[in-house]
1. I'd like to compare 315-322, 127-134: which one has the highest average count of other Cβ atoms within 10 Å, and what's the full order after that?
2. If a/c stays under 1.5 just call it rounded; otherwise compare a/b with b/c (prolate if a/b is bigger, oblate if not). Do that for the stretch 330-411, with a ≥ b ≥ c from the square roots of the Cα gyration tensor eigenvalues.
3. Rank these for me by crowding, 194, 412, going from fewest to most other beta carbons within 10 Å.
4. Cut-off 10 angstrom, C-alpha nodes, Gaussian network model of the chain. Which of 255, 101, 346 fluctuates the most?
5. Return the distance in nm (one decimal) between the two label points of a simple spin-label model at residue 90 and residue 330, each offset 7 Å from Cα along Cα→Cβ.
6. Take residue 100 and residue 344, extend 7 Å from each Cα along the Cα→Cβ direction, and tell me the distance between the two endpoints in nm.
7. Using bins 20 angstrom wide from zero, how does P(r) for the chain break down, in % of all Cα pairs?
8. Could you check what % of the DSSP bridge pairs in the chain are antiparallel, to the nearest 5?
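Taken together, the values in this text are just the output of simple stated rules run on the coordinates, not laboratory data. Given the structure is predicted, the values throughout are model-derived calculations rather than measurements. Cβ: placed from backbone, ideal geometry, glycine included. Neighbour counts: every protein chain shown.
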């Protein structure tokens, strides 16, 4: 048996999930070495505010750090500003882009992914941007000013949050979504329609069921030609069509991948001593067993802790209920649980125009919930709905649909 002092854990990816993992390793008493590899400068940080407070200037980028410099130093780890280019699972070693080789007793892939690229002519022109990192936010922010025109490709969470931030700052915004509704399969049509109506009222020029054909540099800026025959004029174009999980290095090392790096309930890959967590991991739902890959704050946060325990030799299963939110203007959307596992959908129209949707299985057990409304009004109900789902509360459709039913009473 080795003492933990002679062993080293390698964490690939220094974002939110990687940062929380190394924090948890020390909190849980790991005394061996820790190598943290990631290309971005600065300390590990949380990404959600990039599309909101960082763009609107209400938060400085450094405020996103997971921990202060002193707490970071106290972790006593080796930080490598590089990327992992290859992993040898037999030798239990990794090669970095700077040529160095690191040996590990266990390895975690927490390297997230990179923004999907738009495969059309002109997608690589200057002024065509993505939003994933603090550096991306710094490039995008100056484009969101009165008199500026922004075209957004993609009607998912990033696209809509940036649209809201840009409108707040007085920038003209056009948004293009290839699907028939906003936010794809992530939310029910009813909620997508409420969001669409809000964005239109706030001045966003919406184009649904339309795709971009090409981007060209015109005399007065960029021109985005759409399949509808419309051409949008813009000073900048934001591509927000999701991320591509960073599976290349794992796949080349013989680790099983699909939409992400495949793991079991303990976040283990098919190779001994190699784990994956956060945006890059594809894992079985504890509710339905269906394979999920989740690009959410909560997933990065909760899987990091499980990963840390298992990297140290534990056998903890990941069983947290899924949850994510999106802030758009003064409204909030939340989704919790696993709506796809439901056999019935119950809509609860609140008297103030906010809406909650509950998802139940065949025995009236709640497996999911989502809601949309003015943040100041709906926040409490969204939190209660999430708690009901996490506890697997049983309630009839009639009770859930009735706005007179106090959600708190269902927790008893």
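1. Numbers: 315-322: 15.2, 127-134: 18.9.
Those peptides, ordered most packed to least, come out 127-134, 315-322.
2. Values: a/c = 1.71, a/b = 1.46, b/c = 1.17.
Prolate, because a/c is 1.5 or more and a/b exceeds b/c.
3. On the way: 194 19, 412 5.
The most exposed by this proxy come first: 412, 194.
4. 101
5. Roughly 6.4 nm, to one decimal.
6. Here the modelled spin labels are 5.9 nm apart.
7. Bins of 20 Å from zero give 25, 54, 21, 0 percent of pairs.
8. Numbers: 51 of 84 bridges.
That works out to approximately 60 percent antiparallel.
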